[in-house]
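Here the structure comes first, spelled out in structure tokens, and everything after it is commentary.
The values are calculated or read from the model by the stated rules, or taken from the named source; none is laboratory data. As the structure is a prediction and not an experimental result, all values here were calculated from the model. Heads up, the Cβs are rebuilt from the backbone with ideal geometry, glycines too, and the neighbour counts pull from every protein chain shown.
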Amino acid sequence: MIDFLGAVGDVLTSEAAYINALTFAVFLAFGATGEWVAERSGTLNISLEGMFLAGAFSAAMGMHQTGNEGVAVLCAIVGGVSVAAVQANMSHRLVANQFVVGLTLNILVLGLTSFLASELDPVTRQAGTQRIPLLADIPLVGAALFDRTWIFYLIYAVVPICWWIVFRTRWGLELRATGENPQSADVSGIDVNKRRREGIYVTGVTAGIGGAYLVLGAVGQFEDSIVGGRGFIALIAVIFGGWTLRGTIAGCLLFGAVLSFRLSLPALGYELNGDLLTSLPFVVTIVAMSIFASRVRPPASLAQPFIRGLK
Amino acid sequence: MTVEPGHATAQPGSGHHPDHHHGVDADDFKRELGTDGTLTEEPYHPNPSTPTADRLQAIGEVVFLYTVCIAAALGLSALLVEATGGSSAEVFNALLDGSIRGPGRIGATIGVAVPLLLVAIGTIVSNRAGLVNIGQEGQLYIGAAFGAYFGTKLGWSGPWVILLLLVASVVGGALWAGIAGALRYTRNVPEVLTTLLLVTVAAQLVGYGLKNQWLLLAPAEGRANRQQISQQLPENTRIPRIEMFGNEFPISAFIAIALAFLIAAAMARTVWGLRLRMLGHNPRTAQRAGVAASRYGGGALLVSGAFAGLAGGMMLAGGDFGNYTLVPGFPAEIGWTGLLVALVSRQRASVAIVIAFVFAALRTGSGFLAATGVERRITDVVQGLLVLALLIPPALLYLRQRRRQMNSGGDRT
């Protein structure tokens, strides 16, 4: 136990640990922010994993073809949105079960990207970093936050924009109404399923950027297992955060730190059981949900399809 | 169909039933108007077709829709193969050879279909009760791990240990689903989320067990250094395999099919099945009628976990997965695929038998793809597209039926 606390102490004072943690956290946050929008509209969007993967692969292909980071990010958005389009139209135009669609999409996208990657073999490289003067000189966290690739900096725009559209626009109000009480929303003239589809498209955009960041900012090349279940961690960050944006981001930071512990601790000379550590975010979320279940409430119609005239 | 009051006054005592009305006569054109001369909500259709013709047409439509969707899915897959320089005909032949045409391959496919079917049956039970269990992959892994512990670590062997192993698997799977059930009914935590989260926890937990000799790891002399696998099940602690027409498969296939019919019958014919369905259709009404949600819903979750666990145990003792050894990544997405089998077969255990076989065939067929030079991941694409294709027709038909009901005004709520 003392050892463990010592390890935590060492990690907290090492700059590399913050860099690692934020790399994971920001990747998660790209997906989780969009997922949060979709969940506020009442969709439990399981295909987030597939959107990440589609974004990552499209970014790699865009980079391979043009060598331009901007084009790669645009490709990633197209990739993420195309997965979103299937999910949205299958589950909220046709009324197919959203979990089946999501799970199928995850399998389909994994198959498709690994199949295409083996045929086309995209070659990419890590994007260069842009150091922001002064801010990057803050001790400990400065380099982790402000000495990054420009794709990383997009998170500083994505999170406020998502907050703004959900809480400060008419569209956002309608979106939240859809998630809480679709029958009433429908009666007051809101196209419930349309709002839900749009929520999923937002997830597609942000998860696509997340995938691009993963390939160009964190890993440097595309691999089949590049996402490796982290889409689910981004999904549970939203749940952990109790469906608030603040909590979601906190969840991403926490889980990002936990994921990076696996890398940081051995580097600092500590032995640790990786399996138990990896399951920590999941256990923490289950415990948090059980304790705060009475206080934290999911959007009332989360994961329930809306068909007019059916309660 | 509603009968307008106008009809009774127009033809008193004519003995002419409005629903079996053939030919056109003058009255047919009046009936769109109600007694007070205003339009009724449902326009009268002169010359309605007979019920059997309607039915035939409906069946024809369903078959047509399914054919179009499946053809589109297969066509897209073929297009993908051709676009990347492969030959779709070769791929198709390789898939057929690997799954049914090659010698002994039907047996291999049956071996894969068994756990898929078991997972699907369990899922059908919990779905009927209106619960969304999507953690079968984890429940299956825990089941297999429990089975491996009882099969290898206690030093017992013999046919009765097979039974013990399977019971342990059932308990393991049920326990893992039970956590979700307990949280659902005591703390109100949605079971969708907990079952999903517990998948990863299960994988990490079994991974931990496979690193520690007091849990699952085989003794050092039986394995390569640093290899994280369990001991192999002893020869006499394996599910017997039989040979039929040159195809060899474990006898658990018969048990799985029997269980499928048993559950189908229990769902359709017993009070328990009725109560589960009540709970699934309308929890509030079910509660009023005396169906305790926690007891029946929790029970349904336990049953679905138990089936997933049993699938894990039979995978371990059946021999088609991991060579009677628990290895990392043992569930191999059988849990996820089994869940898809249940949902594609639309809650019917008997249909699930066929779908499980088809999905198993895709899996065993993919082993033969290497010879064609096409990446075997293409089968994931085919399977994914097929599932999406199979989801479309029922959704379309349901939507159309809904729209008709709304328009007729017969079922406004």
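Below are the figures for this structure:
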quantity: Residue list for the range B:196-244, filter: in contact (Cβ under 8 Å) with a residue 60 or more places away in the chain and β-branched (Val, Ile, Thr); calculated: B:Val199, B:Thr200, B:Val201, B:Val206, B:Ile229, B:Thr237, B:Ile239
quantity: Unique match (being at pLDDT below 80 and basic (Lys, Arg)) among B:Arg400, B:Arg412; calculated: B:Arg412
quantity: Failed condition for B:Val341, given (1) at pLDDT 85 or above; (2) within 17 Å of A:Leu103 (Cα to Cα); (3) over 16 Å from the mean Cα position of the chain (by Cα); calculated: (3)
quantity: Residue list for the range B:82-106, filter: of a type in the set (Gly, Ala, Ser) and either surrounded by fewer than 17 Cβ atoms within 10 Å (Cβ to Cβ) or in contact (Cβ under 8 Å) with a residue 40 or more places away in the chain (or both); calculated: B:Ala83, B:Gly85, B:Gly86, B:Ser87, B:Ala89, B:Ala94, B:Gly98, B:Ser99, B:Gly102, B:Gly104
quantity: Filter result for the condition that a residue is under 30 Å from B:Ser230 (Cα atoms), under 18 Å from the mean Cα position of the chain (by Cα) and modelled with pLDDT of 90 or more, over B:Gly313, B:Gly305; calculated: B:Gly305
quantity: Whichever residue in the range A:86-108 is touching a Phe, Trp or Tyr at 6+ places or on another chain (Cβ under 8 Å) and facing chain B (nearest Cβ under 9 Å) and, among such residues, is nearest to A:Ser58 (Cα to Cα); calculated: A:Ile107
quantity: Unique match (being surrounded by fewer than 20 Cβ atoms within 10 Å (Cβ to Cβ), touching a strand residue (DSSP E or B) at 6+ places or on another chain (Cβ under 9 Å) and over 23 Å from B:Asn133 (Cβ atoms)) among B:Glu248, B:Glu235, B:Glu221; calculated: B:Glu248
quantity: The listed residue being within 29 Å of A:Thr244 (Cβ to Cβ) and touching a residue at least 24 places away in the same chain (Cβ under 8 Å), out of A:Val78, A:Val100, A:Val166; calculated: A:Val166
quantity: Extreme residue, nearest to the other protein chains (Cβ to nearest Cβ), among residues of the range A:226-240 that are farther than 15 Å from A:Val283 by Cα and buried (at least 24 other Cβ atoms within 10 Å of the Cβ); calculated: A:Gly231
quantity: Residue identified as within 11 Å of B:Gly122 (Cα to Cα) and among the aliphatic types (A, V, I, L, M) among B:Ala342, B:Ala293; calculated: B:Ala342
quantity: Hits in the range B:204-216 - residues which are facing another protein chain (nearest Cβ under 8 Å) and in a helix (DSSP H, G or I); calculated: B:Gln204, B:Leu205, B:Gly207, B:Tyr208
quantity: Residues of the range A:81-97 satisfying the condition of being in a helix (DSSP H, G or I) and free of Cβ contacts under 8 Å to residues at least 60 places away in the same chain; calculated: A:Val86, A:Met90
quantity: Residue in the range A:111-119 that is of a type outside the set (Ser, Thr, Tyr) and more than 14 Å from every other protein chain (Cβ to nearest Cβ) present; calculated: no
quantity: Which listed residue, of B:Gly365, B:Gly335, B:Gly384, is within 8 Å of another protein chain (Cβ to nearest Cβ) and part of a helix (DSSP H, G or I); calculated: B:Gly384
quantity: Residues within the range B:355-413 that are of a type in the set (Val, Ile, Thr) and closer than 18 Å to B:Ala78 by Cβ, tallied; calculated: 8
quantity: Members of the range A:274-290 found to be free of Cβ contacts under 8 Å to residues at least 24 places away in the same chain and touching a Phe, Trp or Tyr at 6+ places or on another chain (Cβ under 8 Å), listed by number; calculated: A:Asp275, A:Leu276, A:Leu277
quantity: Restricting the range A:181-225 to residues that are of a type in the set (D, E, K, R) and either in a helix (DSSP H, G or I) or crowded, with 20+ Cβ neighbours inside 10 Å (or both), the residue that is farthest from the chain's Cα centre (by Cα); calculated: A:Asp186
quantity: Set A:Ser264, A:Ser301: member being hydroxyl-bearing (Ser, Thr, Tyr), at pLDDT 80 or above and surrounded by 16 or more Cβ atoms within 10 Å (Cβ to Cβ); calculated: A:Ser301
quantity: Residue match in the range B:125-147 (condition: in contact with a Lys or Arg (Cβ under 9 Å, 6 or more places away or on another chain), buried (at least 23 other Cβ atoms within 10 Å of the Cβ), at pLDDT 85 or above and over 20 Å from B:Ala317 (Cβ atoms)); calculated: yes
quantity: Boolean, A:Val123 is assigned to a loop (DSSP other than H, G, I, E, B) and within 14 Å of chain B (Cβ to nearest Cβ); calculated: no
quantity: Filtered residues of the range B:275-303 (kept if within 20 Å of B:Ala182 (Cα to Cα) and of a type in the set (Val, Ile, Thr)); calculated: B:Val291, B:Val303
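Per-residue answers, yes or no, for (1) within 14 Å of another protein chain (Cβ to nearest Cβ); (2) of a type in the set (Phe, Trp, Tyr); (3) in a helix (DSSP H, G or I):
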| residue | (1), (2), (3) |
| --- | --- |
| B:Ala148 | no, no, yes |
| B:Gly155 | no, no, no |
| B:Val161 | no, no, yes |
| B:Leu165 | no, no, yes |
| B:Gly172 | no, no, yes |
| B:Gly178 | yes, no, yes |
| B:Gly181 | yes, no, yes |
